[in-house]
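Engineer: Provided herewith is a single structure, encoded as C-alpha cells, for subsequent inquiry.
The values are calculated or read from the model by the stated rules, or taken from the named source; none is laboratory data. Nothing here was measured: the structure is a model prediction, and the numbers come from that model. Cβ coordinates were reconstructed from backbone atoms using ideal geometry, including for glycine residues, and neighbour counts include every protein chain displayed. We work out accessible area using only protein heavy atoms, side chains counted, and drop any ligands, DNA or RNA first. Shrake-Rupley method; radii C 1.70, N 1.55, O 1.52, S 1.80 Å.
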Amino acid sequence: MNIVVCVKYVPDATADRQFESDNTVDRVGVDGLLSELDEYAVEQALQLKEKAGEGTETVVTALTIGPEKAVDAVRKALQMGADKAVHVSDEAIAGSDYVATSLVLAKAIEKIAADSGSPDVVMCGMASTDASGGVVPAMLAERLGLPQVTLASVVETQGDQVRVKRDGDTATEVIGGTMPLVLSVTDQSGEARYPSFKGIMAAKKKPLETWSLGDLGVDAGQVGLAAAWTTVEDTTARPPRTAGEIVKDEDGSGATALTEFLASKKFI
Amino acid sequence: MSEVLVLIDHVDGAVRKPTYELLTIAKRLGEPSAVFIGPAARAGGADGVTEKVKQYGAEKVYVVDDAQIKGYLVAPKAEVLQQIAAQALGNGGLAAILIPSSAEGKEIGARLAIKIESGLITDAVDVTADGVATQSVFAGNFTLTGKVTKGTPIITVKPNSAAPEESAGAGAVVEFAATISDAAKKAQIVASQPRQATGRPELTEAAIVVSGGRGTGGNFEPVEALADALGAAVGASRAAVDSGWMPHSFQVGQTGKTVSPQLYVANGISGAIQHRAGMQTSKTIVAVNKDEEAPIFELVDFGVVGDLHTVLPAATEQIVKRKG
C-alpha cells in the first residue's frame, strides 16, 4: 500500500502572527512548525501502515510545499515514522492560493506515483492552522479524480475498503469509499505520537527529496501571488478589546453583578 | 441583471436560517436564484422550500431532485452547481455563487472552483455589492478583505453574516435535471444519525452562546440552566469535549464550531488560542472563572472571578425572576 500524507509548515499559532506588506502570511519572521492538525494525518497514515502489518509493504511518503524552513514539517513526519519525504520548494510558489496549492500537491503526487507507484490513500489534516480553509483536500480530490472521505474522527479499513465516522454539519455519519481516495482526519481521530529518540535518529537516514516546479512540470506562471484566483485587498489587525470590568464574587455579589450587566446590555 | 446562485441550506426540506442570510447578501450582488438540492416533493406547497425562499427575494428556484444524489458526499452537488452555473452563464450572466460555509459547503465550493476555474473565498463574514468579502483570520486577530479575480466568484458565507431581510421574489421554479457522473458517486454515506434535537438554538446561528470548559468538572447543568434562561445555545471547550463531558458537535474553537453571537458567556474556560479562534469575534464576551489569571479575562467586556457552580445558579435564578 502507498500512502501520501500532505503536511503543512505553518507559523506557530501561539506566536505573534503577521502579514507581509503584500498581504501574504509572514512565513519567515515567525517561528514555524508542522501544523498540529497535520500531525493527526501523519498518525493515521502510520496506523494504516501498522494495521497492514509486516507482510505487506506499505510506504508512507510525507509531502510538503513551502520555503526552505518548511522541510522541518516533513522531517517531523519522518521522525514520527514516515518512510520517505518530499519537499517541493520554489520561490515562485510564494503567495499561492488554495487553487495553486492543490495544483502543486496534485502534480507532486503524480510524480510520486510515477516514481514509486500510485497512492492508495492521500491523507490530509482537516485544515491548516494558518489559513484554516479546510478546502485543499477536496480540491486535491477533484484534481486527482478521486473520491474524498473527509473530516474523519474514526478510520477503519478492510482491504481497499475505507469506512469513517464523522461529525457532519447536522448528523453523525458513516462514510464509505474504495481506495484510491483522499482521506482527511480531524483532531478527534486520536492523539499523535511523539517522535522517539530512535525515530529521530532513524529519520536522518531516510530519503528526503527536494523538488522544484520544473521537476513537476508546473509552469511558474501557474502559481504564486500573481496567478492566484483571489486577491487580498487589505489586512487589518483587530483592535485589541478594551479592558472590561472584572468583579470578584463575594457572597453572591458576582451573580448579581452578572445579572445587572446582562440586563444593562438588554440581554434579559 | 445577472443571477446569483444561492445553495439552500436545509435538512430534508426544512430550510435553515443561513439560507435567508445568503439570499439577503445575494440581493446586493444581483438577482438571487436559490438552488434546492433535495426531495422534489418538498419544493412546492404552502410550507415548501419555494415559498420560504421567495419571501427573502429568490427570483428563481432551481429544483434538483436528490433521489440519485442523496447517499453521496459533496462531489455530486458540485456537479449540479457546475451545470446550473453553465446554464445561468448562457442565459443572462452569473455574478456569484454563494454557499453556506459549513464543512460540506466549503468542500462543494472547493470542487466547484476547480471545475469551473473560478476563485474561491471561504468563511466570509460579509460581502459587499462589488463582491469584496471580509474574513476573520488568525484566531480572529486579523480582518481581511479580498476579492475573486478569476471566473465566477464562489464565496462560502458563515452563519450570522447578515440580518435576513424579507422581500418578495418571483420564485419562478426551474426543474433542473442534472447529470451525475459515476466518479462522483464513489464516496457513500453509509449511515446517518441526525443530531438529537436539544430544543435550543443551533450553536452557529444562536444570538447567545453559553459555554462550559474544564472548570465545570463535567457538570454542565449550571451552564445549561443559564443557557435556557437566556434562550441560548450551549457550547463547550475542547477540554470539556476531550474529557467526554460533551459531544464534539458542541465544541467551540479552531477544530470545532466558530461562533460570532451577540453574547458569548464562557464558564470555566481558560481561553487558550484554540478556543479564542472560535469565539473571539463575538460582540459581547462575558466570563466566569475561578482563576483571575485566566487569559479569557483579557477578552471580556465583563468578568466574574468566582466559582461557576455558585455564580451561575444564582444568576440564573435572578434572570428567570426578572423575566417573570
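Engineer: With a 1.4 Å probe and all protein chains kept in place, how do B:122, A:14, B:258 rank by accessible area, largest first? Each step should come with its number before you reach the end.
Structural biologist: Details: B:122 0, A:14 105, B:258 50 Å².
Listed by decreasing accessible area, they come as A:14, B:258, B:122.
Engineer: So, one more: Gaussian network model of chain B, Cα springs within a sub-10 Å range: biggest mean-square fluctuation belongs to which of B:50, B:149, B:204?
Structural biologist: The residue that fluctuates most here is B:149.
Engineer: Report the label-to-label distance for residue A:243 and residue B:317 in nanometres (one decimal), using points 7 Å from each Cα along the Cα→Cβ vector.
Structural biologist: Label at residue A:243, label at residue B:317, 3.3 nm between them.
Engineer: If each DSSP helix of 4+ residues adds -39,500 (n - 2.57) and the sum is divided by the residues in the protein assembly as shown, what number results at 222 nm, nearest 500 deg cm²/dmol?
Structural biologist: So the helix-based figure for the protein assembly as shown works out to -8500 deg cm²/dmol.
Engineer: State whether the protein assembly as shown is rounded, prolate or oblate according to the following rule on the C-alpha gyration tensor (a ≥ b ≥ c being the square roots of its eigenvalues): a/c under 1.5 gives rounded; otherwise a/b larger than b/c gives prolate, and the remaining case gives oblate.
Structural biologist: oblate
Engineer: Quick one: accessible area per residue over region B:208-323, 1.4 Å probe, rounded to a whole number of Å²?
Structural biologist: 34
Engineer: Just the accessible area per residue of region A:83-155, please: how many Å² with a 1.4 Å probe?
Structural biologist: 28
Engineer: What fraction of the DSSP beta bridges in chain B is antiparallel, stated in percent and rounded to the nearest 5?
Structural biologist: Percentage antiparallel, nearest 5: 20.
Engineer: So for B:309, A:87, what's the accessible-area order with a 1.4 Å probe, most first?
Structural biologist: Accessible-area ranking of B:309, A:87, largest first: B:309, A:87.
Engineer: Moving on. Go through A:51/B:186; A:107/B:106; A:165/B:60 and tell me which ones have a Cα-Cα distance over 32 Å in this structure.
Structural biologist: A:165/B:60
Engineer: Next up: List the equivalent ellipsoid semi-axes of region A:2-222 in whole Å, largest first, each obtained as the square root of 5λ for an eigenvalue λ of the Cα gyration tensor.
Structural biologist: Details: eigenvalues 125, 78, 68 Å².
Equivalent-ellipsoid dimensions as semi-axes: 25, 20, 18 Å.
Engineer: Report the one residue of A:117, A:211, A:103 whose Cα lies farthest in the direction of the positive end of the charge dipole of region A:2-222 (charges on C-beta: Lys and Arg +1, Asp and Glu -1; origin at the Cα centre).
Structural biologist: A:117
Engineer: Now a separate question. Using the beta-carbon distance between residue B:293 and residue B:175 and R0 = 51 Å, what value does 1/(1 + (r/R0)^6) give for FRET efficiency, to the nearest 0.05?
Structural biologist: 0.25
Engineer: Related question: Scan region A:161-227 for trypsin sites (Lys or Arg not before Pro) in coil per DSSP, keeping those whose Cβ has at most 11 other Cβ atoms within 10 Å, and list them by number.
Structural biologist: When the trypsin sites (Lys or Arg not before Pro) of region A:161-227 are filtered for loop state and at most 11 Cβ neighbours within 10 Å, A:204, A:205 remain.
Engineer: Test of understanding: given chain B, find the longest segment containing no GluC sites (Glu not before Pro) that are in a DSSP loop and have at most 13 other Cβ atoms within 10 Å.
Structural biologist: For GluC sites (Glu not before Pro) (loop position, at most 13 other Cβ atoms within 10 Å), the longest site-free span of chain B is B:167-291.
Engineer: Is the shape of region B:208-323 rounded, prolate or oblate, going by the alpha carbon gyration tensor and its root eigenvalues a ≥ b ≥ c, with a/c under 1.5 for rounded and a/b larger than b/c for prolate?
Structural biologist: Rounded, because the longest to shortest axis ratio a/c is under 1.5.
Engineer: Still on this structure, please answer the following. With springs connecting C-alpha atoms under 10 Å apart, model chain B as a Gaussian network and identify which of B:229, B:46, B:191 has the largest mean-square fluctuation.
Structural biologist: B:191
Engineer: Helix B:103-115 versus the longest principal axis of chain B: what is the Cα-based angle in degrees, 0 to 90, to the nearest 10?
Structural biologist: 30
Engineer: Can you list the lysines whose alpha carbon sits under 27 Å from that of residue A:265, skipping same-chain ones fewer than 8 residues off?
Structural biologist: The qualifying lysines are A:248, B:17, B:158, B:257, B:283, B:290, B:321, B:323.
Engineer: What number comes out for accessible area per residue over region B:3-185 if the probe is 1.4 Å? Units Å², please.
Structural biologist: Ligands and nucleic acids excluded, the result is 34 Å² per residue.
Engineer: Further question: With a 1.4 Å probe, what is the total accessible area buried between chains A and B, in Å² rounded to the nearest 100?
Structural biologist: Counting protein atoms only, the buried area is about 7100 Å².
Engineer: In square angstrom, rounded to the nearest 10, how much accessible surface does residue A:264 have for a 1.4 Å probe?
Structural biologist: Result for residue A:264: roughly 80 Å² accessible.
Engineer: Magnitude of the Cβ-charge dipole of region B:3-185, K/R +1 and D/E -1, about the Cα centre, nearest 20 debye?
Structural biologist: Its charge dipole is roughly 280 debye.
Engineer: Can you pull the one-decimal nm distance between simple spin-label points at residue A:14 and residue A:91, each 7 Å off the Cα toward Cβ?
Structural biologist: Roughly 3.5 nm, to one decimal.
Engineer: Which value, in debye to the nearest 20, gives the size of the charge dipole of region A:197-253 about its Cα centre, when Lys and Arg are +1 and Asp and Glu are -1 at the Cβ?
Structural biologist: 640
Engineer: Provide a list, ordered by number, of residues in region A:237-258 showing at least 40 Å² less accessible area with every protein chain present than when their chain is taken on its own, using a 1.4 Å probe.
Structural biologist: A:238, A:241, A:245, A:246, A:247, A:248, A:249, A:255, A:258
Engineer: Hey, if we sort B:126, A:234 by accessible area with the 1.4 Å probe, largest down, what's the order?
Structural biologist: Per-residue accessible area, sorted high to low, gives A:234, B:126.
Engineer: So how exposed is residue B:136, as accessible area in Å² (1.4 Å probe, rounded to 10)?
Structural biologist: 50
Engineer: Also, quick follow-up: Can you list the residues of region B:163-195 that have at least 20 square angstrom less accessible area with all protein chains present than in their chain by itself, probe 1.4 Å?
Structural biologist: Residues of region B:163-195 that lose at least 20 Å² of accessible area once the other chains are added: B:186, B:187, B:188, B:189, B:190, B:191, B:192, B:193, B:195.
Engineer: Please report the antiparallel percentage of the DSSP beta bridges confined to chain A, to the nearest 5.
Structural biologist: Expressed as a percentage, antiparallel bridges in chain A total about 40.
Engineer: Measure nothing but the geometry: give the 0 to 90° angle between the long axis through the Cα atoms of B:75-91 and the longest principal axis through the Cα atoms of chain B, rounded to 10°.
Structural biologist: Taking Cα atoms only, the helix is inclined about 50 degrees.
Engineer: Treating only the Cβ atoms of Lys and Arg (+1) and Asp and Glu (-1) as charged, compute the dipole magnitude of region A:2-222 about its Cα centre; round to the nearest 20 debye.
Structural biologist: 660
Engineer: Would you mind telling me the antiparallel percentage of the DSSP bridges in the protein assembly as shown, rounded to 5?
Structural biologist: Of the beta bridges lying entirely in the protein assembly as shown, close to 35 percent run antiparallel.
Engineer: Computing the accessible area with a 1.4 Å probe over protein heavy atoms, can you report the carbon and sulfur percentage for the protein assembly as shown? Numbers along the way, then the final one.
Structural biologist: Details: 11510 of 23720 Å².
Answer for the protein assembly as shown: carbon and sulfur cover 49 percent of the accessible area.
Engineer: Are there residues in region B:67-97 whose accessible area shrinks by at least 20 Å² when all protein chains are included rather than the chain by itself, and which are they (probe 1.4 Å, ligands and nucleic acids not counted)?
Structural biologist: B:73
Engineer: Also: How far is helix B:17-29 tilted off the main Cα axis of chain B, in degrees rounded to 10, range 0 to 90?
Structural biologist: Helix B:17-29 and the main axis of chain B meet at about 60 degrees.
Engineer: Under 10 Å, Cα contacts only: if you run a Gaussian network model on chain B, which one of B:247, B:76, B:100 comes out with the highest mean-square fluctuation?
Structural biologist: Taking springs between Cα atoms under 10 Å, the residue moving most is B:247.
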